[in-house]
Amino acid sequence: MNDGKTNPTNHDKCVAKLLEDPGISAAFLNELIANYREDDKVSQRIFLSGLKKIVRAQIGFTELAKATGLGRESLYKTLSENGNPQLGTLLKILRALNFEIHIKETTADQVESPEVTECDSIGVLSSA
């Protein structure tokens, strides 16, 4: 009898199978980053949990440890619910997964930028 509930084991297997695809994993990571909030512990845990799922689906923690030069237990701790990885560690993990980070300019309504006059007053716009 199907009571409408999802079997977590089957759900996890389905997610893992999807995340084996690097394109799907990259899109998933981009969504996790887009929804990450520094002041929101829940979004931080979701990001780390998602990254951990990608690691498991793509290469596993043993291979990640070899590729990054970091200890397996340290990596488990880094990607745990209470993990707080440094940028260098995240970059090593992403590189081991064959991902990279790209920076792009945000639109004016997303972040405040300094006024041109402020930049000019400190010599940024002055010609040499």
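What nm distance separates the two modelled labels at Ala26 and Ser49, each placed 7 Å from Cα along Cα→Cβ?
Between Ala26 and Ser49, the label points sit 2.6 nm apart.
In nm, to one decimal, how far is the modelled label at Ala16 from the one at Asp40, with both set 7 Å along Cα→Cβ?
2.9 nm
Once the Cβ-Cβ distance between Gln86 and Thr62 is put in as r, and R0 is 30 Å, what FRET efficiency do you end up with, to the nearest 0.05?
Efficiency, rounded to the nearest 0.05: 0.85.
Quick check on the stretch 8-101: take the gyration tensor over C-alpha atoms, sort the square-rooted eigenvalues as a ≥ b ≥ c, and tell me if it's rounded (a/c under 1.5), prolate or oblate.
rounded
Mind ordering 47-54, 35-42 by average Cβ neighbours within 10 Å, highest first?
47-54, 35-42
Every number here is computed from the coordinates shown, using simple stated rules; none is lab data. Owing to the predicted nature of the structure, the values given are computational and were not obtained by experimental measurement. Methodologically, a virtual Cβ is constructed for each residue, glycine included, from the backbone with ideal geometry; neighbour enumeration extends over all protein chains shown.
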